[in-house]
Structures are given as structure tokens and as C-alpha cells.
1. Around LYS23, what is the net charge, scoring Lys/Arg as +1 and Asp/Glu as -1 over all other residues with Cβ under 10 Å from its Cβ?
2. What is the distance, in nm, between label points placed 7 Å from the Cα along the Cα-to-Cβ direction at ILE309 and at ASP68?
3. Taking a 28 Å limit on the Cα-Cα distance, which of the listed pairs LYS77/LYS201; LYS159/LYS417; LYS77/LYS215; LYS70/LYS261; LYS236/LYS399 fall beyond it?
4. Keeping every protein chain in place, order ASP131, ASP112 by accessible area at 1.4 Å, biggest value first, i.e. largest first.
5. Counting only protein heavy atoms, what percent of the accessible surface of the range 382-425 is carbon or sulfur at a 1.4 Å probe?
6. Probe of 1.4 angstrom, ligands and nucleic acids ignored: what's the accessible area per residue over the chain, in square angstrom?
7. So how do 368-378, 159-169 stack up, highest first, on mean other-Cβ count within 10 Å?
8. Under 11 Å from the Cβ of GLY336, count the other residues' Cβ atoms, weight Lys and Arg +1, Asp and Glu -1, and hand me the total.
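The values are calculated or read from the model by the stated rules, or taken from the named source; none is laboratory data. Worth saying up front: this structure is predicted, and the values here are computed from it rather than measured. All Cβ positions, even for glycine, are placed from backbone atoms using ideal geometry, and neighbour counts span all protein chains on display. Surface areas here come from the heavy atoms of the whole protein model, side chains and all, with no ligands, DNA or RNA. Shrake-Rupley method; radii C 1.70, N 1.55, O 1.52, S 1.80 Å.
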Amino acid sequence: MIDKNNKHPQPTDVKELGITVKKSDDFSEWFTQSIIKSELADYSAVSGCIVYRPDSYLIWEKLTRIVDEKLKELGVKNSYFPLFIPEKLLMKEATHLEGFSPEVAWVTHAGDSKLDERLAVRPTSETIMYDSYSRWIRSWRDLPLKLAQWNNVVRWEFKHPVPFLRGREFLWVEGHTVFSSKQEAIDEGQEIVALWEDILKKYLATAFFTGKKSKKETFAGAEYTISLESILPNGKAIQGPDFHHDGQIFSKAYNIKFLNKNGEQEFAYQNTWAISTRMLGVMLGIHGDDNGLIIPPRIAINHVVIVPILFDDSMDKILKKCDDIQKELSKVNYHGYPLGVIFDNRNYKPGYKFNYWELKGVPVRIELGPKDLDKDSAILVRRDTREKISVKISEIPSKLKELLDDIQLKLYNNSLKTMNEHIVTTNDFDSFKKHIDERKTVYSPFCNNPECEDNIKSITGAKTLNAPLNQNNDKSNCIACGAPTDMWFYFGKSY
């Protein structure tokens, strides 16, 4: 609260508040400073595992509510399966085990006693869930079975963890669905991919390209994988939410059979899909600037901060009006959620408060001083462009909603523009190598041979990202080996 006898003291950490590097100069350092100084996350005593502080976890909770509601509309039910997976279950599907083996953390002891069987700490839940599915599913009447679980997973094998983007433990929703026909399972893929596209565009304001993964990059144990890929400002690509069609691969490994309508035994068809806390990092990395974070309004918890401009002779009037504005705005509904309003009446200078809330990415700031009050108006400041707009106090609720929607749209459009600027097309390998060295995402013809992809990566450091779902390309030749192909893929260096 404001103390009239102690005029605008500065907090002791004021010199440590700002970001000390430009985003364009050192994205990695900028990203780390942004999420730590904004108090979204912190490092923990466990290498590669971060602390999700309340400000980031609140955003994750909002995202989970949105996704959960939409999944329920698709008939998905939530469940929970054990964190620990017996080794014998993990070994049942060889390709799946091979894909995850380097990343598995094992529990071998309970106290001083060695366990009879190693237990894997959940890297993903196919194996533990499908053991149950094999007992639950008996008839076509038991299908479809659509279960999901919101949980944490552990994937241990990598050298350079990055908070949010690549951690050894992260949070997600994993869906595991079972159908009586292949077409039903494939049709669900269209629904799930459309849901992920809606979440990224409408809420996270994050541009992406959707496509099918190469044979090499397909999820271990799946027939095919569809992914949404984004490009960060440093030119590195990053995989977002995905969908895996598993066909009958897991049902045959785990004996998930059902009696069809003709009275015949048949193996079920399965899908797996997920979205994780990685998308918070993608969103933060794409939208932030040299002053800190920029949170898209539709996923933000705090939409507006009110900062009073105080002088002794008008302090009481300004504080009273700011309090009135806060109460009025707290009644406003923004896209199905209460508007998040902060009244910053701390006893600090306005400039410090401006910097503080810009760092945290609050979409709009309201400034109110004596000159504004004399005109019965206030100043609205956009976080994305820092543009200042004078608005009548009575019009703040309607103008604020309009402004928030415009910020949301412009953030997405800027993201799309940046992504497109990073993508180049070539069918010449020398040009391909040059563009990869320039941190571009390259669209090129590719034979989809895993050995050829290994060769490309060894030469350039790039891998396939995905291939557009709808391609109408003339016959061409693979960018690397020259084999005839009509498939084009996106390539890039990635997290």
C-alpha cells in the first residue's frame, strides 16, 4: 500500500529487474533471463528439472481447463495410471522399447532392498495402460475407449536441458484411444489435430506448420505421426503437440482383442496424442521482446495492471478512482473467463512498476494521473507495441476488450510472419547446406529413407521436421541421394 510518509522508495533488486541482453543477440540467454526474472520458473537441485512457479503454473492450469473441456466434447474421459512401469511391460513392444530405452529412469531399490524387477519411471504410458486395456476390452460394445491422463513424465537422456523447451521432467496430457476400425482411429486424428491447431492459433497466438513425420522421426511403435512444428526467433524448430496412429501394433503386442459384430476375434486399432508444458516455452520464446515477456491475452491470467501516477495533492482521488476502475473491470468477462485485473498500489515509483509489469508480459497497462482524471480519462498502454491510447474512463471496459483482441490477433500475425521469413525452398544440396547454416527451415524433396536422413544430419546437423499432409508435387529427386520422390519435407535444426 501507498505510504504518504515514504515517497516512492525503490526495491533493493531494481538493478536486477531488467533483461541485460537483446533477444536478437543471444536468444538462449534472453530466454533464460526472461523466465527467471519474471518469476515463471526457477532451477531446482535436480539437473534438467525446473520449478514451475505460480505465475507459469496458473497459465498451465488455464490451458489444461481449455483443452480438457474440448477433449470432453470429443468423448474423452480422464483417468490415472501408475507412475512406475514394470520392465516386462515396457519390453513387450520392441520398437517402443528401443525408442525410449536411452531416456528411461529406472527404480532398482526400495530402501536398501533390491527390487525383484526394475521399474521404469513413466516416460509415456502406453505400456502400463495397455496392460489394463487388454483386460477391459472384450467386445465391440466396449469401444471406442477414449482415455487421457494429465500427469508428469520423465525422459532423462540429453545433454542440454532448456527450461520449458526441453526438460527431464515435464507436464502434459496424454491420450490413449482404442477403436474397432482403422477408419475410426484415423478420423479421430483429424479431430485431435484440428484441436491442437485451434489451441496454438486461438490461444497461444503461435504459428505452426502441420505435417507427417518421416519414417525415422515417427513415434516409436506408431504407424505414423502427425506433428505441429513451430520456429523460434533463433531459427531453431521445435515440435509442438502431436498425434500418433498406432494401428494394431500395440494391440498385437499387448493382446488387446475384441469380439466384433460378426462374432469374430479382432485386434483393436489405437491412437496416442499429447500436448505439454513445452508449448508455454514456445509461446514465451516467440512473443517476448527485449523488455521481457508478452503473454497472449486469451491465455493470460492477468490481462491488465492499473498503475496510479501520484502527487501529494491528488493522491487520495487517484487511488479512489483506480480502486473503482479495478472493481468495474473485475466484473468483465473475457472469452469465458473473468478479466484478470491488478491494481499496483505498492509504494514504488511508476517507472519501476512499468518495467516490472512489462517484464511479466501483462498485455495492457492503465495509467491514471491527475491530468488524466481532470479529463475523466486514463491512458491504456499496449504491451506488444507500447502504444499509448487515451480513453474515457467510462469506455475502458469496452475499449480494453477490443484492445486485447487486437493484441491477440497481431501476436499471431507477427508469429506467422516470422515463421514464413525463416522458411526457404530449394532442391539443390549446396543451397540446402547454406540455408541450414543460416538457421533457416528448408523445404526440400526427400526420399524418406532413414539412412539418407542420417546422412543429411551428419553433414548439416539438420533433421526432418515434417511433410505437409496435402502434397501435389511433380516427380523430383531427393535433396541428398538423388532418388526419385514426390514428397517434400521441412528440414531444420531443432530442440
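1. Numbers: positive: LYS22; negative: ASP25, ASP26, GLU29, ASP289, ASP290.
Residues near LYS23 contribute -4 overall.
2. 4.3
3. Numbers: LYS77/LYS201 25 Å; LYS159/LYS417 32 Å; LYS77/LYS215 31 Å; LYS70/LYS261 31 Å; LYS236/LYS399 37 Å.
Beyond 28 Å: LYS159/LYS417; LYS77/LYS215; LYS70/LYS261; LYS236/LYS399.
4. Details: ASP131 40, ASP112 155 Å².
Result, largest first: ASP112, ASP131.
5. Working: 1190 of 2410 Å².
Roughly 50 percent of what the probe reaches on the range 382-425 is carbon or sulfur.
6. Heavy-atom accessible area per residue stands at 45 Å².
7. Values: 368-378: 15.8, 159-169: 17.4.
The peptides rank, most packed first, as 159-169, 368-378.
8. Numbers: positive: LYS62, ARG65, ARG298; negative: GLU69.
Local net charge: +2.
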